Amino acid sequence: MSDLPDLSDAWLVVIDPQRIFADSGSEWGSPMFDAALGPIKSLRSGFGADRTIVTRWLPGTDRDGSWGPYFERWSFADKPDTDPLFDLVSPANGWSSRGTVDVSTFGKWGPGLTRLTGEAPTLVLAGAATDCCVISTALPAADAGATVVVAADACAGSSEDNHAAALQVMGLYAPQIEVVSSAEVLAAR
């Protein structure tokens, strides 16, 4: 086991448990999503609704800079925020007593989270996709002074290889970012 920080006041951040990442028919559907759902549910039970934050990625309206070509490449995701593609998967409904933090960036670290967690919290990250939204949240959060724990088995990558590569990169940031299993997180609570 890694040297985990004190997790007694940690926040569980479940990143983007949405249909767009869970549905195998979606161009962004993770083949790992169903396997990650069990560990995510266990973490949620261990943290409770008051210490869990659920995020959602929404496309927003910005098409300046790199977002223009991005949405040209991924036009299937260029839909209104109200499209069912962006709904939470049914198990995630009610996971947080705080509603959802909705942002149009891959990284979820920012005012929406810090308003709930404070500027230098301890975060346990889970969700989708390891190689996009999870890593894009972990790195800036750690850089800003948050302590980050990534529950590897509670994350779903776009592929097994991309998942492993993202975990390896995040692991390079120890002790600011620790990559462990959900069982290790729960044992440290």
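Can you give me the angle between helix 160-171 and the longest principal axis of the chain, using Cα atoms only, in degrees from 0 to 90, rounded to the nearest 10?
In the chain, helix 160-171 runs at an angle near 50 degrees to the longest axis.
Quick one: what are the phi-derived ³J(HN,Hα) couplings along the stretch 173-184, Karplus 6.51/-1.76/1.60 with θ = phi - 60°, whole Hz, x for glycine and proline?
Computed from phi, the couplings for the stretch 173-184 are 9, 4, x, 5, 10, 10, 10, 9, 8, 5, 4, 5 Hz.
Mind checking the stretch 49-136 for chymotrypsin sites (Phe, Trp or Tyr not before Pro) that DSSP puts in a loop (not H, G, I, E or B) and that have at most 14 other Cβ atoms within 10 Å?
Here the chymotrypsin sites (Phe, Trp or Tyr not before Pro) that fit, given the DSSP loop and packing criteria, are Trp74.
For the chain, what does -39500 (n - 2.57) per DSSP helix run (n ≥ 4), summed and divided by total residues, give at 222 nm, in deg cm²/dmol to the nearest 500?
Here the helix-only value at 222 nm equals -9000 deg cm²/dmol.
For Ala144 paired with Leu172, estimate the spin-label separation in nm (one decimal), with each label point 7 Å from Cα along the Cα-to-Cβ line.
Those two pseudo-labels are separated by 2.3 nm.
Given 0.36 nm per residue, what is the gain on full extension from Lys79 to Glu119 after removing their alpha carbon distance, in nm?
Between Lys79 and Glu119, full extension yields 11.2 nm more.
Taking only protein heavy atoms and a 1.4 Å probe, what accessible area per residue, in Å², does the stretch 27-147 have with all protein chains in place?
Heavy-atom SASA per residue in the stretch 27-147 reads 44 Å².
Based on the Kirkwood radius over alpha-carbon pairs, what is the Stokes-Einstein translational diffusion coefficient of the chain at 37 °C with 0.692 mPa s viscosity, in µm²/s?
For the chosen part, D equals 201 µm²/s.
Please report, for the Cα atoms of the stretch 142-189, the Rg to one decimal and the Dmax as a whole number; what are they, in angstrom?
11.0, 30
Could you look at the chain and say what percent of its accessible area is carbon and sulfur, using a 1.4 Å probe and all protein chains?
For the chain, the apolar C and S fraction of the accessible surface comes to 49 percent.
Between Ser90 and Ser159, take the C-beta separation as r, use R0 = 35 Å, and let me know the FRET efficiency to the nearest 0.05.
For R0 = 35 Å, the calculated efficiency reads 0.90.
Want the number for Asp9 to Ser24: 0.36 nm per residue separation, take away the alpha-carbon distance, what's left?
1.9 nm
In whole Hz, what ³J(HN,Hα) sequence does the stretch 84-91 give by Karplus (6.51, -1.76, 1.60; θ = phi - 60°), x for Gly and Pro?
Coupling constants for the stretch 84-91: x, 4, 9, 5, 5, 5, 4, x Hz.
Let me check against my output: what whole-number percent is the relative contact order of the stretch 3-89, with C-alpha pairs under 8 Å and at least 6 apart?
This gives 40 percent for the stretch 3-89.
The values are calculated or read from the model by the stated rules, or taken from the named source; none is laboratory data. Because the structure is a prediction, the values reported are computed rather than measured. All Cβ positions, glycine included, derive from the backbone under ideal geometry; neighbour counts span all protein chains shown. All accessible areas refer to the heavy atoms of the entire protein, side chains included, with ligands and DNA or RNA removed. Shrake-Rupley method; radii C 1.70, N 1.55, O 1.52, S 1.80 Å.
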